[in-house]
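Have a look at the structure below before the remarks.
The values are calculated or read from the model by the stated rules, or taken from the named source; none is laboratory data. Keep in mind the model is a prediction, meaning the values are calculated, not measured. So basically every Cβ, Gly included, is an ideal-geometry build from the backbone, and we count neighbours across all protein chains shown.
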Amino acid sequence: MNNLNPLFKRTFRLMFSITCMGAICMPQIAAAQKQAITKVTIHKDKYNRIFIPVKVDKDTVPLLFATYAKTLRLTPYFMRTRALYPSGQVLTLNDQRGRKRDRLVFFLPRLDIGNVKFRNEETIVNNAFPDTVATGSTGTLMVYQYNWKIDNDRNEVSLSKKPFTPEQAFTTIRYKNNTSPRTAVQIGELTADFILDFGSGSNIQVNTASDIGRALISKYKLKPVNTITSNIHSPKMVDTVYEVTVPSLLLNGVVVKNQKVMLSSASPQNTIGTGFLGNYNVILNNSKKRKIDSEFILEKRLVD
């Protein structure tokens, strides 16, 4: 070894150092990849709606996980604590009666889910959302920043920048980026788009004035089973509700048998809520590329 060329010695030492550094760094890289997934324990109500613990300013509060509205929604409490500041912008929304209403847009400087940080989220103050129900709900602008895995077996939600890989997919629903996830549902001879909304506690909910709603009422000679008066998310609203169990329907081309369908006069659109979605584990892989669709994956649960 004493006769080795000095240049060769230096090269040998450099290669040895790089190899050692690589060996030292490998556990760190593995740890970083492991830390890339954040897991939080969730709570669910009797409708299987998901409430995620979040930190807003100095408060740790439950936030309803929703996949329909665009912006984050919070109760007036956060205006009193000065956690919100006005953006100077106005957002025009349709209420449940289809009327247009202007809403002031605020910015929420900071919201944390575990070690995941959300900054300056567009927010609307919902004066009709009781603090005792939830402190607010997520919006798609917030949800689409990460990929989500909802494990209803373990009551756990995972967030990651990388897409999740399903283990036993029941069906994969693809939809355009930056929109509410939705899928085609065929009941009888009629097909319509249904919004997949974790903020709704319904099963499969049909608007009574829609083509499918009118067809179901006529075919099964349905009578109202309930009348509900509500002021959640909107001014006072009276909802006439019908229920029917259909022998089968097609959801994203997949047959679902003996499915309970609720018909609502107040709901402005056809919706699939957590009464149905809670029967599955769910993955939301949100694409950042314009030409690649996002994915809403239903997985079979390990525990029924």
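Observations
- When Glu243 is tested against (1) free of Cβ contacts under 8 Å to residues at least 24 places away in the same chain; (2) more than 25 Å from Leu64 (Cβ to Cβ), only condition (2) is not met.
- Test: Ala184 is in contact with a Ser or Thr (Cβ under 7 Å, 6 or more places away or on another chain), surrounded by 14 or more Cβ atoms within 10 Å (Cβ to Cβ) and either among the charged types (D, E, K, R) or assigned to a strand (DSSP E or B) (or both): no
- Failed criterion for Lys70 (all others in (1) part of a strand (DSSP E or B); (2) among the charged types (D, E, K, R); (3) at pLDDT 85 or above hold): (1)
- Among the residues making up the range 94-110, those that are at pLDDT 75 or above and either exposed (fewer than 15 other Cβ atoms within 10 Å of the Cβ) or not in a strand (DSSP E or B) (or both) are Lys100, Arg101, Asp102, Leu104, Pro109, Arg110.
- A Cβ distance below 6 Å, combined with a sequence gap of six or more or placement on separate chains, defines the contacts here; from the range 54-82, residues that are under 21 Å from Leu104 (Cβ atoms) and not assigned by TED's automatic domain parsing to the domain that holds Pro181 reach no residue that is among the acidic types (Asp, Glu) and part of a helix (DSSP H, G or I).
Here's the yes/no breakdown for (1) at pLDDT 95 or above; (2) assigned by TED's automatic domain parsing to the domain that holds Lys289; (3) closer than 30 Å to Val125 by Cβ:
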position	(1), (2), (3)
Ile173	yes, yes, no
Ser180	no, yes, yes
Thr183	yes, yes, no
Phe194	yes, yes, yes
Ser210	no, yes, no
Ala215	yes, yes, no
Lys221	yes, yes, no
Lys260	no, yes, no
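- Residue within the range 266-273 that is at pLDDT 95 or above and in contact with a Leu (Cβ under 7 Å, 6 or more places away or on another chain) present: yes
- Flag if Thr240 is under 15 Å from Ala209 (Cα atoms) and loosely packed, with under 15 Cβ neighbours inside 10 Å: yes
To keep it simple, each residue is scored yes or no on (1) among the aliphatic types (A, V, I, L, M); (2) under 18 Å from the mean Cα position of the chain (by Cα); (3) buried (at least 17 other Cβ atoms within 10 Å of the Cβ).
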position: Gly253; (1), (2), (3): no, no, no
position: Val256; (1), (2), (3): yes, no, yes
position: Gln259; (1), (2), (3): no, no, yes
position: Ser265; (1), (2), (3): no, no, yes
position: Leu277; (1), (2), (3): yes, yes, yes
position: Phe296; (1), (2), (3): no, yes, yes
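- Count of the range 187-216 residues which are part of a strand (DSSP E or B) and in contact with a helix residue (DSSP H, G or I) (Cβ under 9 Å, 6 or more places away or on another chain): 9
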